[in-house]
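The values are calculated or read from the model by the stated rules, or taken from the named source; none is laboratory data. None of the values given here were measured: they were computed from a predicted structure. Here the Cβ positions follow ideal geometry from the backbone for every residue, glycine too, while neighbour counts run over all protein chains shown. Heavy atoms of the whole protein, side chains included, go into the accessibility calculation; ligands, DNA and RNA do not. Shrake-Rupley method; radii C 1.70, N 1.55, O 1.52, S 1.80 Å.
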Amino acid sequence: MASIGAFFRRSLRRSGRRATEAKEEPPAAEKKPSQGTQAKAGDRSSVLYSAGQFFFEYLVVVSLKKMSDGRYEPKISYQFPKRENLLKGQKEEEERLLQAIPLFCFPDGNNWAPVTEFASETFSFVLTNVDGSRKIGYCRRLLPAGRGTRLPEVFCIISCLGCFGLFSKILDEVEKRRQISMAVIYPFMQGLRESPFPAPGKTVTIKSFIPESGTELIELTRPVDAHLEHVEFQALLQRLSPHLILHIFASAVLERRLIFLAEELSVLLQCIHAVAALLYPFTWAHTYIPVVPECLLDTVCCPTPFMVGIQRRHLERVLDQPMEEALMVDLCEGKIIQAVGDEEEILPAKLQNEVLTSLNRHNNNNNVQTSEQVNALVSEAFVQFFVRVVGHYASHIKWGKSGQGTFQERAFCKAIASKTNRKFVKKFVKTNMFSLFIEEAEKSRIPQEAYFQQKIAEYHEQKKHRRDS
């Protein structure tokens, strides 16, 4: 367990070029890693844009094994593919990865017992290496077919590609085959591994044979835009007031330390994923652990930014930790337990009030709204915030003959007429999330975030219409 703890306590910072220049990095001995459980889809780090890669690196099955003291511990019972001829460094990295996976497949402790019924659940987590590369674990926890009491097991697909909905469909197929036989899973996953990951909007067809059913054709389509995939803003709105949500958003935008408390795993997963989704078109680039395993509670001592969820029964232990300043939110009570104190002053007042008005309008709307409608309304409010403050970024990328762009940060900030907006943006441009976004924008004249670009174009069209009328 000590070696796993050390694995998680290396530096997690994904350093953007400008962010690195702007921030003094801690000494190597102080650096801590990032690994995290995450219900996150549509991750926008550069590696996740690539089409043509393998769908996944591993499929592992994590089972509960009874120990001598009567408790159950999660262990990997199956791995596909078995990788051979690895270099020493690659083998060590693989061993650390495979040691870490069981913790996040069963992050809710080891108080398990055999059962006769268990509702399947789907979740995901993220493991972030020191170099910033990420591996996402897509998980399906289920009860295998059989008679009598059985223990749940987790099928976990490890991939560097972010697309929760698509992998959820793959796990549907895995679960269907598991109820027949483990042997039926292998040919399906082999076919998947041999297929290239589709480009946005494109479809890949996998042929798979199932005994007594024959050959099936399974179509896997990658969405054009996945920023609201697997998001439930309603979960956040049911537990926190719009005012508190704005405080959390403000802290997240400046990449501070955020701790969320709840007893139920589903609440932590849904709410933290929703907070991360508020940052679109930007991506949280630091430690992200929606459910921290008990053995890793000292993650809250990390000096770098993090967004973590902790089961409420561990609150006293967390408060006893030597933490730096952090925002601590109790999702059960709907209140902030601990704050830095300046959360009200981070965002420009006018824009903050506009977002608040939009959220309050939703809360006061008595009409029954679907989850999709709530997601669209909440997302629109926060996307408009970013459109207003940084929507002009593309005008300040200077393109060279080689096709490489260079962002003109000084001119970008100077172009903002509002003093309060400019004050905020001067802080925001120093964050890793902004640096990573700009690094992607500098690579191609074709923008990556189609929905965000659409909203920028609509905003400029509206401004032009107001000027002409």
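Some notes on this structure:
- Screening ASP131 with (1) open to solvent by 60 Å² or more (accessible area, probe 1.4 Å); (2) at pLDDT 90 or above; (3) within 20 Å of the chain's Cα centre (by Cα) gives one miss only, at (2).
One line per residue, one yes/no per condition, for (1) within 30 Å of PHE306 (Cα to Cα); (2) modelled with pLDDT of 95 or more:
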residue	(1), (2)
VAL355	yes, yes
ARG361	no, no
ASN366	no, no
GLN404	no, no
ALA411	no, yes
ARG422	yes, yes
LYS426	yes, yes
GLU449	yes, no
LYS464	no, no
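- Of all residues in the range 109-133, those satisfying the criterion of being touching a Phe, Trp or Tyr at 6+ places or on another chain (Cβ under 9 Å) and touching a residue at least 60 places away in the same chain (Cβ under 8 Å) are PHE123, SER124, PHE125, VAL126, LEU127, THR128.
- When the range 344-401 is limited to residues that are in contact with a strand residue (DSSP E or B) (Cβ under 6 Å, 6 or more places away or on another chain) and open to solvent by 60 Å² or more (accessible area, probe 1.4 Å), the one that is nearest to LYS419 (Cα to Cα) turns out to be LYS398.
- The residues of the range 48-98 that are in contact with a Phe, Trp or Tyr (Cβ under 8 Å, 6 or more places away or on another chain), closer than 23 Å to PRO187 by Cα and open to solvent by 70 Å² or more (accessible area, probe 1.4 Å) amount to a single one, PHE54.
- Qualifying positions in the range 428-462 - surrounded by 18 or more Cβ atoms within 10 Å (Cβ to Cβ), assigned to a helix (DSSP H, G or I) and of a type in the set (S, T, N, Q): ASN432, SER435
- Among the residues making up the range 186-209, those that are over 26 Å from GLN448 (Cα atoms) and touching a Lys or Arg at 6+ places or on another chain (Cβ under 7 Å) are PHE188, GLY191.
- Count of the range 274-324 residues which are touching a strand residue (DSSP E or B) at 6+ places or on another chain (Cβ under 7 Å) and charged (D, E, K, R): 2
- Selected residue (criterion: nearest to the chain's Cα centre (by Cα)) from residues of the range 206-237 that are surrounded by fewer than 12 Cβ atoms within 10 Å (Cβ to Cβ) and closer than 17 Å to PHE188 by Cα: GLU219
- The range 154-165, residues that are buried (at least 22 other Cβ atoms within 10 Å of the Cβ) and of a type outside the set (Phe, Trp, Tyr): VAL154, CYS156, ILE157, SER159, LEU161, GLY162, CYS163
- Residue count for the range 406-438, restricted to those that are within 23 Å of SER251 (Cα to Cα), within 27 Å of the chain's Cα centre (by Cα) and touching a residue at least 24 places away in the same chain (Cβ under 8 Å): 14
- TYR138, sole failed condition from (1) touching an Asp or Glu at 6+ places or on another chain (Cβ under 8 Å); (2) free of Cβ contacts under 8 Å to residues at least 40 places away in the same chain; (3) part of a strand (DSSP E or B): (1)
Let's see how each residue does on (1) out of contact with any Asp or Glu (no Cβ under 7 Å at 6 or more places or on another chain); (2) over 14 Å from VAL390 (Cβ atoms); (3) of a type in the set (S, T, N, Q):
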| site | (1), (2), (3) |
| --- | --- |
| GLN404 | no, yes, yes |
| SER418 | yes, no, yes |
| ASN421 | yes, no, yes |
| VAL429 | no, no, no |
| MET433 | no, no, no |
| ALA441 | yes, no, no |
| LYS455 | yes, no, no |
| ASP468 | yes, yes, no |
